Every structure is written in structure tokens, then in C-alpha cells.
Amino acid sequence: MQSEIIQKTETQIINVESADPEKHLEYAALLAAPAHCLKNGGLVAFPTETVYGLGADALNEAAAGKIYAAKGRPSDNPLIVHIADIAAMEELAYVNEQARLLAEAFWPGPLTIVLPKREIVPYQTTGGLDTVAIRMPAHPAALELIRQSGVYVAAPSANISGRPSPTKAAHVIEDMSGRIEYIIDGGAVGIGIESTIIDLTGEIPAVLRPGYVTKEMLEQIVGRVVLDPALENPTEGIRPKAPGMKYTHYAPQGELTLVELCDDTRRRIQDSRERGKQEGGLPETESEEVRELQQPVILRICSLADEKRQAGYRVGIMASKETLTAYAGHADVVIGVGDRSAFCTVAAGLYAALRDFDTAGVDYIYAESFYGDGLGYAVMNRLLKAAGQRVIYV
Ligand code: TXA
Ligand code: MG
């Protein structure tokens, strides 16, 4: 096993959550030791606005190689290089006008740009590809660490390969303790799912991984943008352009199944609600309205869960805040992942919920679906992967 060949390292945890980046000298002093460690080829996990990253010097082959070992990551899966100022992009890649415009519009922020690499970027970092993925993160600890170390920082998400990405330092500690030198604790991340990846090496810019920055937001800056065909047809065996997207990522230990309203049901419910409205019978609260709409989903999840529990299995249910109470008594664990009226809360809570199901040791997980545009699309991309594309329509 990978973990047995890794030399045991003592991991130091540095808390910057309550430190004030405005007090620059103090803030910088906190990060001096991990920055020094990065410069010398060590591994440091740090918070970003999306998920925690596991960093190493991107231009040092041996250092980048350590990342693969610590994560148990396949070596054909390239790393994202993190920079602290836009100009650094020109040193790493052959930059075009679209990249400059996108960087100006979204950096620092949750967008990763793929460009043809320059020679200084080792193949160890790019997983053997002639392209490199670059991002300037929007987190004061990440930016300070990169600046102070004086190196560009290759960083995948700081989880063991195949586990959900870490959204709190506790997740990183769970996966990486004893494998890396430092973990910087910046508290819970803001966004909760990984950056949007856009490939600018083809004729038309292509989204390889959806995220907080949506296709529509990108199109406002560079015109037409397409989705990687592998995103649109995940079950048809099309090879995704981002090598990492082919793995069953984010998989919880229990078997996860999504339950979703089919278009017909949704239409029928809407019609009957219209009629209800005309007759003056409206739900009292927004939560009541959501529960009413989700009723067929709730009923199916309850009956699936009951069936498994009767057969002696442990069951988890992933609900929304609004529907949480409807599942009482039907599962060993029920988690309200977020609020349907604010999709950002679902993104922020998703990976922690998947980890909590692992901790609870459930055999089966039934989850409500969170279809929608924008961030909803990115959330569903992760959830469907976690579920191995298993969906029941009601
Ligand atoms: O939000 C994020 O992007 C986080 C934080 C830490 O910045 N990082 C992250 O890294 O999610 P990781 O390694 O978990 O995911 C990187 C993805 C993988 O799917 C990888 O295949 C893809 O980016 N990727 C990296 N370089 C690429 C390249 N040159 N061409 C295509 N895809 C690339
Ligand atoms: Mg990852």
C-alpha cells in the first residue's frame, strides 16, 4: 500500500483563522516556517477560497513528485500551479489574449486556466502533458505563502485520492497527518467545490470542470465557450480532457444514489400548484413550499431507506435544510447539506456531508438532487460523480 512506503513526518498545524492579514508583519511571521519549507522542497497544505490545497514547489520535480505519493494519486493526473500575481502566468505558459482577459476578470478567484506550458514547468507537474493549469487563488494565507516562499506552488486538493476534497483543516488533518510537514488552518473555506477549469489551448475555450465561475460568466468576457463533451455525456465513455475528471472522485464509502424529480412530475406539480393558487390555497412558508414540491422524492427516499434498514443495513439520507424533518425516523443519519434557496450553502456543505456519512459508517446513502443553473450545475457534477451516475427518477 502507498501509505506504508511514505516516511512518517511530524505534521505541524498553524492556525491563521483569527489572524488579521491587514496586520501584515504578524500575518507574514505566522507563515514564515511553512513558506521556508515549500522553498526547500517540502509539502504544505493551505486554505484557498475553493477547497484546501496540498502544495509543493511546482518547478522542483522531486517536490512535485512527493505530492503524488502523499495523496496516493495516479501520476498521469496533472497538478494546478498556483501563483500570487497575474504576471507570473507569462513565465509558466504561452499566454494568449483570452487568458489575459479572463485573468483580469476573475483573478484572484476560483478559475483555473489551461495553456501551453513553457519549458521550465516539469512534466512531473503536468502529468506528462504539454499544457499547464494555472490559478491565482483568492485567500490571504495562500497568497502570502506563495509570495513568501518565492516559488510557484503546485497544489491538488489536499485529500487522499478518491476521498472528498477537504473544506476544513480537520479534513486535511484526517487525510494528511504524518504525511506532510505543515497544515495551515484557515477555518472553513468559502466556496466548497473546486475551481472552474477552462482550456484555452483549442479553437474555442472549453470548460473542463464546472465550478463557481459559470460558462455564462466566462462567455461575457471571451464570447463563445463550450463544455467538454465528457461533461455532457458522463456515461458514454468519452475521455475527459482534464485527466482528473475520469476518476470516481469524491466517492463516499457507502453506496450513494440520487433521487430526482423527472420533468413530467415537476410539470404536474407546478400545474396543480397553479390551480391551488387560483383557489387561494398557498403554502404558509417557503420551506413548506419546497417540501410540497419535493414530496415524491421524499416518499421514495423514505421507502428505499426503510427497505435497506429492514434488511439490516445502516442508511444515511442527504436532505436540504427545508426537507430535513421529513426524514425523521427513516435513517441512521440525516444530513441537511444546505439551503435550496441559496445554492452556495449546498456547495459549501457538500464535501463535509459526504465525509460525515463515512464517519457514521453507513452502507447506503440516498440523496436529494440539486439540479439548477450556475452553481447548481457544478454541484450536480460533483454529486453525480460521487454517486457513480446512479439516479432514480420519480
Ligand atoms: O479549486 C481548485 O482548483 C483546488 C485548489 C486547491 O486550488 N485544486 C484542485 O486540484 O482541485 P485537483 O488536483 O484536485 O484538480 C485538478 C484538476 C484535475 O482534474 C486535473 O486533471 C486537471 O485539474 N488539470 C490539471 N492540469 C491540467 C492540464 N494541463 N490539462 C487539463 N486538465 C488539467
Ligand atoms: Mg482533487
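Miscellaneous remarks
- When each of Lys321, Lys308, Lys385 is tested for being among the charged types (D, E, K, R) and within 19 Å of the chain's Cα centre (by Cα), the lone residue that passes is Lys385.
- Residue check for Tyr68: within 22 Å of the chain's Cα centre (by Cα) and free of Cβ contacts under 8 Å to residues at least 12 places away in the same chain: yes
- Filtered residues of segment 321-358 (kept if within 29 Å of Ser195 (Cβ to Cβ), touching a Lys or Arg at 6+ places or on another chain (Cβ under 7 Å) and part of a loop (DSSP other than H, G, I, E, B)): Glu322, Gly338
- Qualifying residues in segment 192-219 (those that are exposed (fewer than 13 other Cβ atoms within 10 Å of the Cβ) and touching a residue at least 12 places away in the same chain (Cβ under 8 Å)) - the one nearest to ligand 1 (Cβ to nearest atom): Ile204
- Checked against (1) more than 16 Å from ligand 2 (Cβ to nearest atom); (2) under 17 Å from the mean Cα position of the chain (by Cα), Phe106 meets all criteria but (2).
- As a summary of the residue check, Gly361 satisfies the conditions (1) at negative phi; (2) touching a Lys or Arg at 6+ places or on another chain (Cβ under 8 Å) except for the one numbered (1).
- When segment 235-246 is filtered for residues that are assigned to a helix (DSSP H, G or I) and either of a type in the set (Lys, Arg) or touching a His at 6+ places or on another chain (Cβ under 8 Å) (or both), only Lys246 remains.
- Residue selected from segment 146-166 under the condition of a type in the set (Gly, Ala, Ser) and within 8 Å of ligand 1 (Cβ to nearest atom), by the criterion farthest from Glu26 (Cα to Cα): Ser165
- In the set (1) over 30 Å from Pro78 (Cβ atoms); (2) part of a helix (DSSP H, G or I); (3) at pLDDT below 90, the condition left unmet by Ala305 is number (3).
- All of Leu111, Leu101 fail the test of being crowded, with 21+ Cβ neighbours inside 10 Å and either aliphatic (A, V, I, L, M) or within 16 Å of ligand 2 (Cβ to nearest atom) (or both), apart from Leu111.
- In segment 308-320, the residues that are in contact (Cβ under 8 Å) with a residue 12 or more places away in the chain and part of a helix (DSSP H, G or I): Lys308, Arg309
- Listed by position, the helices (runs of 4 or more DSSP H) enclosed by segment 152-234 that each have at least 3 residues that are modelled with pLDDT under 95 are 229-232.
- Hey, Tyr377 assigned to a helix (DSSP H, G or I) and crowded, with 17+ Cβ neighbours inside 10 Å or not: yes
- Meets criteria (within 16 Å of ligand 2 (Cβ to nearest atom), at positive phi and under 18 Å from the mean Cα position of the chain (by Cα)) for Tyr250: yes
- Within segment 329-372, tally of residues that are over 17 Å from Leu293 (Cβ atoms), acidic (Asp, Glu) and out of contact with any Gly (no Cβ under 6 Å at 6 or more places or on another chain): 3
- Within segment 126-141, the set of residues being more than 15 Å from ligand 2 (Cβ to nearest atom) and either closer than 23 Å to Asp199 by Cβ or modelled with pLDDT under 95 (or both) comprises Thr126, Gly128, Leu129, Asp130, Thr131, Val132, Ile134, Met136, Ala138.
The values are calculated or read from the model by the stated rules, or taken from the named source; none is laboratory data. Keep in mind that this is a model prediction, so the values were computed, not measured. So basically every Cβ, Gly included, is an ideal-geometry build from the backbone, and we count neighbours across all protein chains shown.
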